[in-house]
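The values are calculated or read from the model by the stated rules, or taken from the named source; none is laboratory data. All figures in this text were calculated on a predicted structure; none of them were measured in a lab. Neighbour counts run over all protein chains shown; Cβ positions are idealised from the backbone, glycine included. When the accessible area is computed, the model is the full protein with side chains, heavy atoms only, and any ligands, DNA or RNA have been set aside. Shrake-Rupley method; radii C 1.70, N 1.55, O 1.52, S 1.80 Å.
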Amino acid sequence: MAAVVVDLMYWHLTTPGKWVAVSLSNRHVRKSRYRSPVLGNTFSALLDRMAHPDAGWIEVIKGGVRPFGPHNMATTIRAAPRLIKRAGELSVSMEDFGIDDTDET
């Protein structure tokens, strides 16, 4: 959940209102040391909970199959007004984002 909130706050500060594509497809969930253990059903359930009207932290447009298009539609997410308001109350700014020295190249 923290990663979703941080990513959406970054995108909101750099390009307000931007929708960010996320993959919920099992096609992208193959075993790899880089694969996140939350991708798949866990990630989809998390997004559903964060977008639920009782929570209201994010907005989600579910992707799907486009039978007549060249590509399927990706699921997209963005910060909801409640998250944006809370970030403003906490004075979140670009100075709050950085790279950790322990990150892998």
Original post:
Limited to segment 63-94, what total is found for residues that are open to solvent by 60 Å² or more (accessible area, probe 1.4 Å) and under 12 Å from the mean Cα position of the chain (by Cα)?
Top reply: 1
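Give me the residue from segment 47-104 that is part of a strand (DSSP E or B) and aliphatic (A, V, I, L, M) and, out of that set, farthest from Met9 (Cα to Cα).
The first filter runs over segment 47-104 and keeps only residues part of a strand (DSSP E or B), leaving 58-61, 64, 73, 75-79.
Subset that is aliphatic (A, V, I, L, M): 58, 60-61, 73, 77, 79.
Working: Ile58: 10, Val60: 15, Ile61: 18, Met73: 23, Ile77: 12, Ala79: 7 Å.
The selected residue is Met73.
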**OP:** Six or more apart or on different chains, Cβ under 8 Å: which pairs go from a residue in segment 1-20 that's hydroxyl-bearing (Ser, Thr, Tyr) to one that's open to solvent by 70 Å² or more (accessible area, probe 1.4 Å)? Could you list them?
**Re:** Thr14/Met94
Subject >> Selected residue (criterion: farthest from Ser23 (Cα to Cα)) from residues of segment 63-77 that are among the small types (Gly, Ala, Ser) and modelled with pLDDT of 75 or more >> reply: Gly64
